[in-house]
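Following: one structure in structure tokens, then a few remarks.
The values are calculated or read from the model by the stated rules, or taken from the named source; none is laboratory data. The structure displayed is predicted, hence computed values, not measured ones. With ideal geometry, Cβ positions are generated from the backbone for all residues, glycine too; neighbour counts draw on all protein chains shown.
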Amino acid sequence: MLNLVLFGPPGAGKGTQSEKLIEKYQLVHISTGDIFRAHIKDQTALGQQVSQIIADGNLVPDSITIAMLEEEINKNPHAKGFIFDGFPRTVAQAEALDKFMESINERITGVLALDVTEVELKQRIAKRQEVSGRADDAADKLTKRIEEYFNKTIHVLPYYEAQGKLSKINGIGEIDTIFQSLTAIIDSY
Ligand code: AMP
């Protein structure tokens, strides 16, 4: 199986590149942000539990996020592989993912980290909000999300670097150029 983690701050282009990668490699896309938003829209118990946390730009607690992710993996027993988008966002989530993959005799193949400057991120998300209308894309919530990224999520990088699984990709430029950089790495696995 090809199991990829697409990593990067909010607005780095993870969603856009995931779409292209799942098509090329026939992977199952697991975006924890998308799953949470679907729960909120459907007003499930989980949705009600996390809606305020997400609206405020905070991270959902690890225990809730990990349980949801494991459930999503279990829903796809015939997958050729997974692309994890927006997960793991903490070292505890990365450790839980490794443990879970091991329990199903699988492993993370590689981690692709999109590198984008903070100025570029803020410009992109301001544009995205005009289209998405996502409450958590508003300027004050966005500041919180970027803060969460630099406080908690960034530590996931050395975790995977120590395993020799980390590749950094310049996330600024044409969508297709970035996609080619990603596929060159994936094809070398
Ligand atoms: P995203 O669409 O990936 O930017 O996620 C939107 C929001 O969902 C985040 O700001 C968090 O509140 C929550 N979220 C998504 N993925 C995770 C995760 N792996 N851990 C904790 N919270 C998450």
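In table form, for the structure just shown:
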quantity	calculated
Pairs with Cβ under 9 Å, 6+ apart, first in segment 51-79 and of a type in the set (Lys, Arg), second more than 10 Å from the ligand (Cβ to nearest atom)	LYS75/VAL28
Subset of segment 50-79 [surrounded by fewer than 16 Cβ atoms within 10 Å (Cβ to Cβ), part of a loop (DSSP other than H, G, I, E, B) and under 17 Å from the mean Cα position of the chain (by Cα)]	PRO61
Criterion violated by ASN151 - all others in (1) over 14 Å from LYS14 (Cα atoms); (2) surrounded by 18 or more Cβ atoms within 10 Å (Cβ to Cβ); (3) modelled with pLDDT under 95 satisfied	(2)
Total residues in segment 107-135, condition of a type in the set (Val, Ile, Thr), touching a residue at least 40 places away in the same chain (Cβ under 8 Å) and either under 22 Å from ALA55 (Cα atoms) or out of contact with any strand residue (DSSP E or B) (no Cβ under 7 Å at 6 or more places or on another chain) (or both)	3
In segment 138-148, the residues that are within 9 Å of the ligand (Cβ to nearest atom) and farther than 10 Å from ASP56 by Cα	GLU148
Test set (1) more than 27 Å from SER181 (Cβ to Cβ); (2) within 10 Å of the ligand (Cβ to nearest atom); (3) at pLDDT 95 or above; (4) not acidic (Asp, Glu) - THR32 fails condition number	(1)
Condition broken by ILE40, with the remaining ones in (1) among the β-branched types (Val, Ile, Thr); (2) under 19 Å from ASP137 (Cβ atoms); (3) more than 8 Å from the ligand (Cβ to nearest atom); (4) touching an Asp or Glu at 6+ places or on another chain (Cβ under 8 Å) satisfied	(4)
Yes/no for PHE82 being among the aromatic types (Phe, Trp, Tyr), within 12 Å of the ligand (Cβ to nearest atom) and either over 14 Å from the mean Cα position of the chain (by Cα) or crowded, with 16+ Cβ neighbours inside 10 Å (or both)	no
Pairs where the first residue, in segment 9-30, is closer than 16 Å to ARG89 by Cβ and the second is of a type in the set (Ser, Thr, Tyr) and within 16 Å of the ligand (Cβ to nearest atom), C-beta under 9 Å, 6+ apart	PRO9/TYR149; PRO9/THR153; PRO10/TYR149; LYS14/SER31; GLY15/SER31; SER18/SER31
